[in-house]
Amino acid sequence: MDKNNQITEREQQILEWIRQNPMISQNDLAKLAGISRSGIAAHISNLTKKGYLRGKGYIVAPEKHVTVIGGVNMDIYGIAEATFTTKTSNPGHVYHAIGGLGRNISLNLRKLGVFNYFISVYGDDLGGEQFKVDANNNDMDITYSKQLINQKTSSYIYLNQATGERFVGLDDMGINDYLTPEFLQPRLDVIHNSTCVVIDSNLPEETIQWICNNFNGPIFAKAVSLVKTKRLISSLSKLNTLVINGVEAPVLTGITPNDKETSISCAMTLNNLGVENVFLYVDEVGMLYQSKSERVFYPVNSVGVKNTNGDGAAATSGLVRAFLNNASFKDSARFANAAAHITSETVQAVNDDMNYLLLKRVVKKYFN
């Protein structure tokens, strides 16, 4: 884009409307502007010539950015005061929040100063409306997400032990089946122009494959759930980085990591399957960042842990931030561990206090 090409006030106004709704028609633009459709067509032509729009469909030429493609949920979760006893009521605390793995990664990135487009689908229910408000309040760009009519927003219910570890979870995420290659095709330009792409395994397997075949840059993937982790198997060799926990990893490797040595074997198997970098975090063991040539391991740090639910999303965001910083392998591991630690200190899936300066302070305090 040639930034020396001057844009008029009217063109800027039209460009903003298109950014808000990339699928808007010329007729709708004409109504908003109070001019004729042919007048809008002339402005569109000028914006295209000046490089602010690209091709058909009014695709805005993006600045340098990351694209996150994944799920958004309405979360209901409880944290017990003591070890769970089954088939009876357990005292604890219940919370309601907006979550979702893709959404949490996107929000963490914004808090770390990384502009990103979050691509997802959500319903026209109360949850969907709350998500839109929350995204706006947190300066998340959901331009390329879509609210689906007569659909309910994905939801997730889970219970955590008093230690913060997951006891059981139940998800209702059928809406994510709409995240198809056909859905993403009109958004291909914004994906192509990404510095890197982040995906989660809430996406259908064919969609994961399509992204890996249509984006040539680094792809970061976060596994989620035993069933959905299998969706990554056919695309492992295309991943720059895979973030996965000790429960999900055996689905891909057949190895159950329960100490440092088995964690290393598990990550090495993933490296041999084609994943360039593996970030493996195992409850009561620690966090391992490994490639075929380098390895960093940090034993578990349980100081101040309240909820481990958002650790993987935070670690993924830390790795992306490190990548954008051209950080070393060891510094990347530090960023990921620090981001996960910050998140675990709150009951929220994304710590409100997350920011880049805090991340660097935690790196210095715990992960030197």
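Does THR207 satisfy the criteria of being among the hydroxyl-bearing types (Ser, Thr, Tyr) and part of a helix (DSSP H, G or I)?
Here the answer is yes, as THR207 does meet what is asked.
Mind telling me which of the residues ASN193, ASN216 ends up being free of Cβ contacts under 8 Å to residues at least 24 places away in the same chain, among the polar types (S, T, N, Q) and open to solvent by 40 Å² or more (accessible area, probe 1.4 Å)?
ASN216
Which members of the stretch 87-124 meet the condition of being among the hydroxyl-bearing types (Ser, Thr, Tyr) and open to solvent by 10 Å² or more (accessible area, probe 1.4 Å)? Reasoning before the result, please.
To start, the set of residues in the stretch 87-124 that are among the hydroxyl-bearing types (Ser, Thr, Tyr) comprises 88-89, 95, 106, 117, 120, 122.
Hits for the stretch 87-124 are THR88, SER89, TYR95, TYR117, TYR122.
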Any residue that is in contact (Cβ under 8 Å) with a residue 12 or more places away in the chain, crowded, with 22+ Cβ neighbours inside 10 Å, aromatic (Phe, Trp, Tyr) and closer than 18 Å to LEU359 by Cα - is there at least one of those in the stretch 264-282? yes
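Kindly evaluate THR180 against the criterion of being open to solvent by less than 20 Å² (accessible area, probe 1.4 Å) and modelled with pLDDT of 95 or more.
Values: open to solvent by less than 20 Å² (accessible area, probe 1.4 Å): no; modelled with pLDDT of 95 or more: yes.
Against the criterion (open to solvent by less than 20 Å² (accessible area, probe 1.4 Å) and modelled with pLDDT of 95 or more), THR180 does not qualify.
Can you tell me which residue is farthest from THR180 (Cα to Cα) among those in the stretch 135-161 that are open to solvent by 30 Å² or more (accessible area, probe 1.4 Å) and in a strand (DSSP E or B)? First the steps, then the outcome.
Residues of the stretch 135-161 that are open to solvent by 30 Å² or more (accessible area, probe 1.4 Å), as a first pass: 136-139, 141-143, 146-147, 149-152, 155-157, 159, 161.
Still in the running and in a strand (DSSP E or B): 141, 146-147, 155-157, 159.
Numbers: ASP141: 20, LYS146: 12, GLN147: 15, SER155: 19, TYR156: 21, ILE157: 25, LEU159: 30 Å.
The qualifying residue farthest from THR180 (Cα to Cα) is LEU159.
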Of the conditions (1) of a type in the set (Val, Ile, Thr); (2) open to solvent by 20 Å² or more (accessible area, probe 1.4 Å); (3) in a helix (DSSP H, G or I), the single one that ILE342 does not satisfy is (2)
Could you list, ordered by first residue, the pairs with Cβ atoms under 8 Å in which the first is in the stretch 97-109 and touching a residue at least 40 places away in the same chain (Cβ under 8 Å) and the second is in a helix (DSSP H, G or I) and open to solvent by 10 Å² or more (accessible area, probe 1.4 Å), at least 6 apart or interchain? LEU109/ARG321
Could you count how many residues in the stretch 314-346 are within 15 Å of LYS360 (Cβ to Cβ), among the hydrophobic types (A, V, I, L, M, F, W, C) and in contact with a Leu (Cβ under 7 Å, 6 or more places away or on another chain)? 5
Exactly one of (1) surrounded by fewer than 17 Cβ atoms within 10 Å (Cβ to Cβ); (2) farther than 19 Å from ASN271 by Cα; (3) among the aliphatic types (A, V, I, L, M) is unmet by ILE233. Its number? (2)
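Hey, among the residues in the stretch 63-80 that are part of a strand (DSSP E or B), of a type outside the set (A, V, I, L, M) and over 15 Å from PHE131 (Cα atoms), which one's modelled with the lowest pLDDT? Lay out the reasoning, then the answer.
Initial filter on the stretch 63-80 (part of a strand (DSSP E or B)): 65-69, 73-80.
Still in the running and of a type outside the set (A, V, I, L, M): 65, 67, 73, 75, 77-78.
Okay, now just the ones that are also over 15 Å from PHE131 (Cα atoms), so 65, 67, 77-78.
On the way: HIS65: 90, THR67: 96, TYR77: 84, GLY78: 88.
Among those that are part of a strand (DSSP E or B), of a type outside the set (A, V, I, L, M) and over 15 Å from PHE131 (Cα atoms), it is TYR77.
The values are calculated or read from the model by the stated rules, or taken from the named source; none is laboratory data. Small disclaimer: the values here were computed from a predicted structure and weren't measured. FYI the Cβ positions are ideal-geometry reconstructions off the backbone, even for glycines, and counts take in every protein chain you see. Note: areas computed on protein heavy atoms with side chains; ligands, DNA, RNA excluded. Shrake-Rupley method; radii C 1.70, N 1.55, O 1.52, S 1.80 Å.
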